[in-house]
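No value in this document is a laboratory result; all are computed from the given coordinates. Remember, it's a predicted structure, so these values are computed and weren't measured experimentally. In this analysis, Cβ positions are derived from the backbone assuming ideal geometry, glycine residues included, and neighbour counts consider all displayed protein chains.
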Amino acid sequence: MNLSKYSTLILFIFLAPISQIKAQHESFPAWIPEVDSISIVSSVDGTAQPSLIFSPETDKAVPLLVGLHTWSGNFKQPLDAPYAEWCKNNDWAFIHPNYRGPNSNPGSAGSDLVVADVIDAVNYMKEYHAIDNSRIYLIGGSGGGYNALQVVAKAPDIWTAVSVWVPISDMKAWYYDNIKAGSHYAQDQISALGGAPGDNDVVDIQYIERSPIYWLQNATGVPISIGAGINDGHTGSVPIRHSLNAFNKLANVNDRIPEEVIDFMVHEAMVPDSLSFSGQDPDYPANKQPLFRRESDNVTITIFEGAHDILFETGLRWLSTQEKGQER
């Protein structure tokens, strides 16, 4: 990708005026009744992009949480309702953008339009609501964790901290994971990226441009927490190699996890005894306790007892401790 060209695109997005289509109050199953549906006119292609939003009734500047739906979800996805409930209980603002819907169309799946839509969502909230710029958070799991990594890699300066769960980090590797598993997600990738890896040079470039693993070096200054269940890839759809490799891309070279350790953890669904996490973490449920944890500079990875799990409360509590300018 031409990074200077991309930087120009990002600058345009930041400077472009935000256009709003009137908020509509509807009923969304599982969501708190205070959420509203809005549409934001894309600063890139002029299309109306829907979101759910919540804003507390206060004049003071509040933290903003941007939550990203999963791979096959959209902005109404009931699974993500805990985000809005947390924000209501803690006086945070919240937006849940559609960012082109399920990740099976060319505009989705880590595209430039996805990144632009998330930036548009932040800019909308800053224009129409009082937002504390030192506390702007991003969270997502599975496909939402994947797109969160892509967004923070392409637009790192916005974010105070990012919490990702069971993310995809390498689209080519995940394609072959899906082929091996006989998963329909491989066809989603073909639909979104224009083909399978190796079909032609244009497609191969798409697999690189839409893979956070190639861009995460841009996000080393942002606090990022990565979580994955040890059994993911065995009883879930995203092998933990994706999380471990993302950590290594963000970590100091001296703290990276050796490839042979990654291979063991991925294939055996176990942590070597010498690297096992000791003790209990009260922020994790009793049945999802950490098995492995490593920190390096601004990135932390936790491999916990579980599989393809998003630990909403755990991620939100961690985000709540992060503020721009604080010592780590």
**Study point:** Rg/Rh for region 152-216, where both radii come from Cα atoms and Rh is the Kirkwood radius
**Key:** 1.03
Exercise for review: Could you tell me what percent of the DSSP beta bridges with both partners in the chain are antiparallel, to the nearest 5?
Suggested key: 45 percent
Review point. Given labels modelled 7 Å from the Cα in the Cβ direction, how far is it in nm from Gln217 to Asp45?
Key: 3.0 nm
**Study point:** Percent of alpha-carbon pairs separated by more than 18 Å within region 30-75
**Key:** 45 percent
Review point. Rounded to the nearest 5, what is the percent of antiparallel bridges among the DSSP beta bridges in region 195-328?
Key: 50 percent
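Sort Ile158, Ile139 so that the residue with the fewest other Cβ atoms within 10 Å of its own Cβ comes first and the one with the most comes last. Don't skip to the end; give the middle numbers.
Numbers: Ile158 21, Ile139 26.
Least to most surrounded, the residues fall as Ile158, Ile139.
Is it possible to state the helix-based mean residue ellipticity at 222 nm for the chain, with each DSSP H run of 4+ residues giving -39500 (n - 2.57), the sum divided by total residues, to the nearest 500 deg cm²/dmol? What is it?
Values: 10 runs with 110 residues, N = 328.
Helix contribution divided over all residues of the chain: -10000 deg cm²/dmol.
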Review point. Which residues' amide hydrogens lie under 5 Å from the amide hydrogen of Val299, considering only partners 5 or more residues apart or on another chain, with H built in the peptide plane?
Key: Ile224
Point to revise | Spatial separation of Cα centroids for region 85-104 and region 182-243, in angstrom | key: 22 Å
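Only four residue types carry charge here, +1 at the Cβ of Lys and Arg and -1 at the Cβ of Asp and Glu. Report the dipole size of region 3-320 about the Cα centre in Debye, rounded to the nearest 20. The partial results should precede the final answer.
Values: 19 positive and 36 negative charges, 63 e Å.
The dipole of region 3-320 has a size of about 300 debye.
Compute the length gained on full extension between Ile179 and Ala61: take 0.36 nm times their separation in residues and subtract their Cα-Cα distance, giving the result in nm to one decimal. Don't skip to the answer; put the middle values down first.
Details: separation 118, 0.36 × 118 = 42.48 nm, distance 4.73 nm.
Separation in residues times 0.36 nm, less the Cα-Cα distance, equals 37.8 nm.
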Practice item. Mind computing the radius of gyration and Dmax over the alpha-carbon atoms of region 76-138? Å is fine for both. Key: 12.9, 37
**Study point:** Length added when fully stretched, Glu127-Asp201, from 0.36 nm per residue minus Cα-Cα
**Key:** 22.6 nm
Study note, to complete from the structure: Ranked on Cβ counts within 10 Å of their own Cβ, fewest leading, Phe304, Phe28 go Phe28, Phe304
Revision key, fill the gap. Ratio for region 81-203, C-alpha Rg to 2.2 N^0.38 Å, reads 1.17
Review point. In square nanometres, what is one fourth of the surface area of the convex hull spanned by the alpha carbons of the chain?
Key: 16.5 nm²
Point to revise | Cβ-based net charge around Ala286, under 14 Å, with every Lys or Arg adding one and every Asp or Glu removing one | key: -4
